[in-house]
1. Filter the chymotrypsin sites (Phe, Trp or Tyr not before Pro) in the range 28-121 to those in DSSP coil with at most 16 other Cβ atoms within 10 Å of their Cβ, and list the result.
2. Nearest 20 debye, what's the magnitude of the dipole of the range 37-147 about its Cα centre given +1 on Lys and Arg Cβ and -1 on Asp and Glu Cβ?
3. Hey, fewest Cβ within 10 Å first, where do Asp123, Asp283, Asp435, Asp220 land in order?
4. If you build the convex hull over the alpha carbons only and average its shadow over all orientations, what do you get for the range 368-451? Give it in nm² to one decimal.
5. Regarding the range 29-272, what are the three Cα extents along the principal axes, ordered largest first, in Å?
6. Counting other C-beta atoms within 10 Å, which of Lys158, Lys414, Lys284 has the fewest, and how do the rest follow?
7. Expressed in nm to one decimal, what extension gain is obtained for the pair Ser389 and Thr54 from 0.36 nm per residue of sequence separation less their Cα-Cα distance?
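What follows is calculated from the coordinates using simple rules that are stated; it is not laboratory data. In this text the structure is predicted, and so the values were computed from the model without any measurement. Don't worry about glycine lacking a Cβ; one is built from the backbone with ideal geometry, like all the others, and counts go over all protein chains shown.
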Amino acid sequence: MKVQRKLSTRGYLLALVAIWALALMPFQLAAAPYAAFVMDARTGEVLHSRNADTRLHPASLTKMMTLYIAFEAIEKGEISPDKKVRISRKAASEPPSKLGLKAGQTIQLRYLIRAAAVKSANDAATAIGEAIEGSEAAFARRMNRTAKALGMTRTHFKNAHGLTESGHLSTARDMSILGRHVLYDYPGYYHLFSSRTANAGVRKVNNTNRRLLGAYRGADGIKTGYTYAAGFNLVSSAQRGNERIIATVFGGTSSRARNQRIAELLDMGFQRAPSRAALDKPDKPNYANLNSAPRGLTSSLRPRLRPGTITAQAAPQAVISSDDIASALLEAQGHSPINKVVSVPRPEPRPTDIVLASVSDQDQPPEVVTRLSTSGGRQWGVNVGRYPSRYKAEKVLLTTALTEMATLEGTQRKVERSPLGFEANFLGMTKEAADLACRRLAARNIRCQMVGPS
């Protein structure tokens, strides 16, 4: 009986060892092709390259493009960070890593951006794409247009999150190019990638890159990625003095090995890069030469006239539609007007004795208020500068709101015209909150002045 018991115990242990070995086998077999790329971020000069143009699975490095387009859409006025996004069944069903969003719930876009940038949440990434373009398929088409405009010649996207899908491929070089554009095209948002934690609305999330951020001096981003097919990927940026290096790794065997390799590549970059170099920022994407540009960014070619139609320029008495108003707004903001085609017949002229409004030459354009005012004694605010145009003031308000979310969330953004320009204000704050916001903004080298009750 004792012999049988010993044999049974030994057999049990052997079985456990066998199961453990089988469990580890996928990770041993998951050695994805390795690629690396190092560039001087200031100039774009290549400092090291290995398999940099081999098309591989990017995994969650994809979310850099999702976020880049989100920043672009906010800056162009296509969408507001305050927009309440309704989560679709598709977004809610995305596999981890995820925020845990439920189908039908609503959440502000700003929280989705934080979740995608910091936690690399797949449900948040899909929701961002659907909010901007209506569907993930349409968003993927925009991702590819943007990639082409940025010079990412060997990249093709099929989704917003980076989970493995046939044909969803990129390269170490292309992802480094994208990382450089994220850094320089939207510096007001770049701090998201170095945040160790963030409030994502429904809960607090931790940065997937926090170990490297804490271990490597000067590291401040950018994005991790992992799938079984891709291995452990990372696009990282670090700054020391006047030097800034971007390094990319595809196909790491573990997060520890990936971080170690990235540290070696960053060290190599700092050794090879000149201590002083003139900053040559990349140009923002030019969609003019593409067949299909993102909506709201460029005007379409004028279509040929159909029989029985006249243009708005040829028919000053034609009906003015909401599209005409949108075209006028785009033109006022510096965009090309939309060539609207209006169908006949014309409406009957209205009676001459009806007065719809009275306008004087002294009337000023209405103030733009992007959020309902608050109450309850919140009569203080902060001013973040005076600007030559209303558009510039609104842009600064949006950028500042995302830069200092902790104290400015829930405030009223308001642009007021003065004899010297356009004042950019955050209102609806207590005196203590306004004082704290100004001190935090000053620490970020953002000018700020408290505004008291009048």
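1. On the way: sites: Tyr34, Phe37, Tyr68, Phe71, Tyr111; in loops: Tyr34.
Listed in order of number, the matching sites amount to none.
2. On the way: 18 positive and 12 negative charges, 78 e Å.
Taking the Cα centre of the range 37-147 as origin, the dipole is about 380 debye.
3. Values: Asp123 27, Asp283 12, Asp435 15, Asp220 18.
The most exposed by this proxy come first: Asp283, Asp435, Asp220, Asp123.
4. Values: hull surface 19.8 nm².
Directional mean of the projected Cα hull area for the range 368-451 stands at 4.9 nm².
5. Principal axes ranked by extent give 50, 37, 33 Å for the Cα atoms.
6. Numbers: Lys158 19, Lys414 22, Lys284 14.
With the sparsest Cβ surroundings first, the list reads Lys284, Lys158, Lys414.
7. Working: separation 335, 0.36 × 335 = 120.60 nm, distance 4.60 nm.
Length gained between Ser389 and Thr54: 116.0 nm.
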